[in-house]
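Encoded as structure tokens, the structure appears first; notes follow it.
The values are calculated or read from the model by the stated rules, or taken from the named source; none is laboratory data. Predicted, not measured: the structure shown is a model, and the values here were computed from it. Note that we place each Cβ from the backbone using ideal geometry, even for glycine, and neighbour counts take in every protein chain shown. With ligands, DNA and RNA removed, areas are computed over all heavy atoms of the protein, side chains included. Shrake-Rupley method; radii C 1.70, N 1.55, O 1.52, S 1.80 Å.
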Amino acid sequence: MPLQYKLSLYLIALIGLPLGAQSAKPETVGLSGERLSRIHDAMQLHIDAHDVLGAVTLVARNGQVVWFEAQGLTDIEAKKPMQKNATFRVFSMSKPICGVAILMLLEEGKVRLNDPVSKFIPEFRGSKVAVAQDRPANAPVSDPPKYYTIPATREITIQDLLTHVSGLASGGPASAYELRGLMDVLGRGTLADMMPKFAASPLDFQPGSRWTYSPLAGFDTLGRVVEVASGMSFDQFLKQRIFTPLGMKTTAFHPGDDGWSSVVTAYHRAEGTLRKAENPNRLQSKTYFSGAGGLVSTAEEYAQFALMLSAGGQLNGKRLLSPKTVELMSSVFVPDTLPGRAPGRGYGLSVEVVNDPVAAGRRVSKGSFGWDGAYGTHFWVDQKEKLIGVMMIQTDNPDRQMDRDVENAVMQAIVE
């Protein structure tokens, strides 16, 4: 092996970056390396406070990785140091990946945003909307909620599902009762198996009338739409059309029987301590491919996905989307004036969009977009600054101030 190549491998090992990653000193892309180290300080404060056990953080600008660090532990009992290639349950950060799959089919003319979901899944035709009835003051807590149904004013569409305005399993009186216990049975079925049950549950509100998060059913339904429209299973579509082109080799709905040792132990924080979370693997399945929350990934691999979006839909010569489609994805489809949205935070096609950083209390540029996961993972794309950030932690009741602290540490490091 030539000496020059040996030295290259040695330098890569030192900085901890995979062979395929492009790296640079922060100063070459307008960042202060000294200031960027405040990411470590911000995360260490939360580790010392027992908010989390460990973290992996990654920042890139102009397509160059300028920060990539693991700190803390992956497991309390084993006292195993956090690794940069550690695997995390990304939960709802699966949704933007599902969203990109839909947008790829949109570009191919196989799906339209205004298509009714029933075009692909007939059971959704003729949906009903639940209307809550007053609950007696002396009713036992265990009593199911009372409601009656009325016809939906229109069918729910692909766009409704992508933007969380469908009312499908959004935590209202119908879905809270009709779909309770759902998480415990998903892993034993398939997306096709669950569609009749999702479709039979009345909507929680009239489509388009408000924004209320659909944690599971909305994007799992979109995963089934991908299967019907593409003729491929959802996991194979993602692998062939997104993961393989982006070099996301370990990102999947199941880490594999031999892959669990790389998955970070999940924790729950309470009263200043951390204890193992209950049933954290409930969405990892070899048969049920949850576009809402089933994926596992690493910080570096998810960064490849974020870099693709930041670069207008392509990475390393592989184009997944056109720049205009990424622009569409990150446009404000749901303004912060619609009931359910927070000030300054609109919603696009599978991503939150910061349309007013001041009102949102966010230290990012206007138009930045991204999303979070239930166990604390977070990413954002700031196209104005040509920057992406990824934070991977694994706590099922995360302190979301960590997201803001990391964003602040990154943005204050921009000096050019």
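Please report, in debye to the nearest 20, how large the charge dipole of the chain is about its Cα centre when each Lys and Arg carries +1 at its beta carbon and each Asp and Glu carries -1 there.
Details: 43 positive and 42 negative charges, 134 e Å.
For this selection, approximately 640 debye.
For region 272-387, would you read off the P(r) tail past 21 Å as a percentage of all alpha carbon pairs?
Numbers: 3185 of 6670 pairs.
Here the long-distance tail beyond 21 Å is 48 percent of all Cα pairs in region 272-387.
Calculated FRET efficiency, Glu416 to Gln133, Cβ-Cβ distance, R0 = 45 Å: about 0.15 to the nearest 0.05. Carbon and sulfur together cover what percent of the accessible area of the chain at a 1.4 Å probe radius? Exposed carbon and sulfur together represent 52 percent of the surface.
Qualifying chymotrypsin sites (Phe, Trp or Tyr not before Pro) in region 194-281, where qualification requires a DSSP coil assignment and no more than 15 other C-beta atoms within 10 Å, comprise Tyr213.
With contacts taken as Cα pairs under 8 Å at a separation of at least 6 residues, the chain carries a relative contact order of 22 percent.
Per residue, the chain reaches -8000 deg cm²/dmol at 222 nm when only DSSP H runs of four or more residues are counted, each adding -39500 (n - 2.57).
Over region 217-371, Cα pairs under 8 Å with separation of 6+ residues give a relative contact order of 15 percent. On the basis of the beta-carbon distance and an R0 of 45 Å, Asp193 and His50 show a calculated FRET efficiency of 0.65. The charge dipole of region 151-255, taken about its Cα centre with unit charges on the Cβ of Lys, Arg, Asp and Glu (plus for the first two, minus for the last two), comes to roughly 220 debye. Think of each Lys and Arg Cβ as +1 and each Asp and Glu Cβ as -1; about the Cα centre, that makes the dipole of region 242-376 roughly 140 debye.
Evaluated at q = 0.07, 0.10, 0.12 Å⁻¹, the base-10 log of the normalised Debye intensity for the chain, with identical point scatterers placed on the Cα atoms, takes the values -0.33, -0.68, -0.99. Counting only residues at least eight positions apart within a chain, or on another chain, the lysines with an alpha carbon under 16 Å from that of Lys318 are Lys239, Lys249.
What the chain shows is 43 Å² of accessible area per residue, with the surface traced by a 1.4 Å probe over protein heavy atoms.
Rounded to the nearest angstrom and ordered from largest down, what semi-axes does the equivalent ellipsoid of region 358-416 get from its C-alpha gyration tensor (root of 5λ)?
Values: eigenvalues 83, 25, 24 Å².
Ellipsoid semi-axes (Å, largest first): 20, 11, 11.
The value of relative contact order for region 234-294, using C-alpha pairs under 8 Å at least six residues apart, is 32 percent.
Protection proxy ranking, highest mean first, for peptides 166-172, 30-36: 166-172, 30-36, where packing is the per-residue count of other beta-carbon atoms within 10 Å, averaged. Counted residue by residue at 0.36 nm each, then reduced by the alpha carbon distance between them, the extension gain from Glu107 to Gln22 reaches 27.7 nm.
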